[in-house]
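All remarks here apply to the structure that follows.
The values are calculated or read from the model by the stated rules, or taken from the named source; none is laboratory data. It should be emphasised that the depicted structure is a prediction, and the values quoted were computed from it without experimental measurement. In this analysis, Cβ positions are derived from the backbone assuming ideal geometry, glycine residues included, and neighbour counts consider all displayed protein chains. Heavy atoms of the whole protein, side chains included, go into the accessibility calculation; ligands, DNA and RNA do not. Shrake-Rupley method; radii C 1.70, N 1.55, O 1.52, S 1.80 Å.
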Amino acid sequence: MIQYSSKIADTTSIFSVMSNLSVEHNAINLGQGFPNFDCDDKLKQLVTKYLNDNKNQYAASAGAIELRKAIADKINLCYNVEVDPISEITITAGATQALFSIINAFVHSGDEVIIIEPAYDSYRPAIELSGGVVVPYALDGPEFRIDWDAIKNLCSHKTKMIIINTPHNPTGKIFSHEDMQSLQGIVSDTNIIVLSDEVYEHLIYDGRHHQSVLRYPRLYEQSICVYSFGKTFHATGWKMGYCVGPEYLMHEVRKHHQWNVFSANSFIQHALAEYLLDPESYMNLSRFYEKKRDYLVDVMGGSRLQPIACEGTYFQLFDYSQVSDLTDIEFAKKMVMDHGVASIPLSPFYSEAKNYKYIRLCFAKNEELLDKAGVLLRNL
Ligand code: PMP
Ligand code: GLN
């Protein structure tokens, strides 16, 4: 054996931990966020079509232009803004690779990056591998509202980036127009880059609207937004995503993207380009998932797990304090082992342990599975 020194903490993502436990205990997996139903047949047929149509060699590094144009049209339709498909959009191997490339592109050794916790688990390792320093701002439940003055106080000349995520995983909260204005006020006249993780842009409920950074031209000038086809089209295993940002920032991102993946899967890119021509494919998602959110809350009626209002994403938090004093990780493990339902505890999304009693359940499931989970969880 040779000697080496590791560059990264020896942790396994909570998503893998809970999914593995779920398989081991033959449980219902409401932990890791993925649908238990298939993507649209029409999309699968398009993928097959382009696979057979010889779209099997490298795509352009920034992505197939057909797909970038279709995304620019979608952005125009959703947010009423023009972005240039040639210079402002890059297709990536899922949102995760976009996040990694963007963070690597801008964060130098010693630079500080503000993250809002509970924060998606891939941000911290990407920042630390770039030599950056994580500056966490912790949200308190059950409101999980941001105090922008506190964020402002965390900013210094060392702050290179602020990472935001709306709709927010795991809390299901969304940013308001006022949140966006506060953020814009904090970063304008600074060199801070905003990395806006918007993978759940189409999963937003009760008539609310997604406050994309793309809607705020001044903010967009110093931002990059990240999206995932996995979330939007029920195909998390394809690992297809994209990022959007002004040309001078995207230029830098593409330099990194070309060396860590060069280009994303080509035949799926062509299939997505054609599929996106019909806006029906994403315009009805909110209604579709809102029903599932309500269905899960209904089947949990009468249980001692109390739902926390979910405004977006396909995750619903529950407060289990009436059931147990265990820590959230212990409780989630007990729930899968003794009660047959896997969930995600919140503490792995925080830098410092919180004594919160929340677990996250994913409702991207068919009614049959949600019914079964409800029966098991009402007995808790
Ligand atoms: N950001 C957030 C907030 C997520 O929940 C996820 C998981 N989909 C990702 C990024 C990564 O997305 P992808 O699977 O496309 O890499
Ligand atoms: N984004 C998914 C979630 O929050 C998981 C992604 C992963 O497993 N890495 O559940």
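Comparison of Ala27, Ala60 shows that the only residue that is closer than 26 Å to Ala98 by Cβ, open to solvent by less than 90 Å² (accessible area, probe 1.4 Å) and touching a residue at least 12 places away in the same chain (Cβ under 8 Å) is Ala60. What about Leu326, is it of a type in the set (A, V, I, L, M, F, W, C), touching a helix residue (DSSP H, G or I) at 6+ places or on another chain (Cβ under 9 Å) and free of Cβ contacts under 8 Å to residues at least 40 places away in the same chain? It is true that Leu326 is of a type in the set (A, V, I, L, M, F, W, C), touching a helix residue (DSSP H, G or I) at 6+ places or on another chain (Cβ under 9 Å) and free of Cβ contacts under 8 Å to residues at least 40 places away in the same chain.
Scanning the stretch 211-229 for residues that are assigned to a loop (DSSP other than H, G, I, E, B) and either under 14 Å from the mean Cα position of the chain (by Cα) or of a type in the set (D, E, K, R) (or both) turns up Ser212, Glu221. For the criterion of being among the charged types (D, E, K, R), over 23 Å from the mean Cα position of the chain (by Cα), in a helix (DSSP H, G or I) and surrounded by 14 or more Cβ atoms within 10 Å (Cβ to Cβ), Lys49 passes. Filter the stretch 335-361 for residues that are among the small types (Gly, Ala, Ser) and open to solvent by less than 50 Å² (accessible area, probe 1.4 Å); which is farthest from ligand 1 (Cβ to nearest atom)? Once the filter is applied, the top-ranked residue is Gly340.
For the stretch 173-193, filtered to residues that are assigned to a loop (DSSP other than H, G, I, E, B) and closer than 30 Å to Leu317 by Cα, the residue that is farthest from the chain's Cα centre (by Cα) is Ser176.
Listed here are the residues, each with its yes/no results for (1) touching a Gly at 6+ places or on another chain (Cβ under 7 Å); (2) within 16 Å of ligand 1 (Cβ to nearest atom); (3) outside any helix (DSSP H, G or I).
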{"residue": "Trp259", "(1), (2), (3)": "no, no, no"}
{"residue": "Tyr295", "(1), (2), (3)": "no, no, no"}
{"residue": "Gln316", "(1), (2), (3)": "yes, yes, yes"}
{"residue": "Val323", "(1), (2), (3)": "no, no, yes"}
{"residue": "Glu330", "(1), (2), (3)": "no, no, no"}
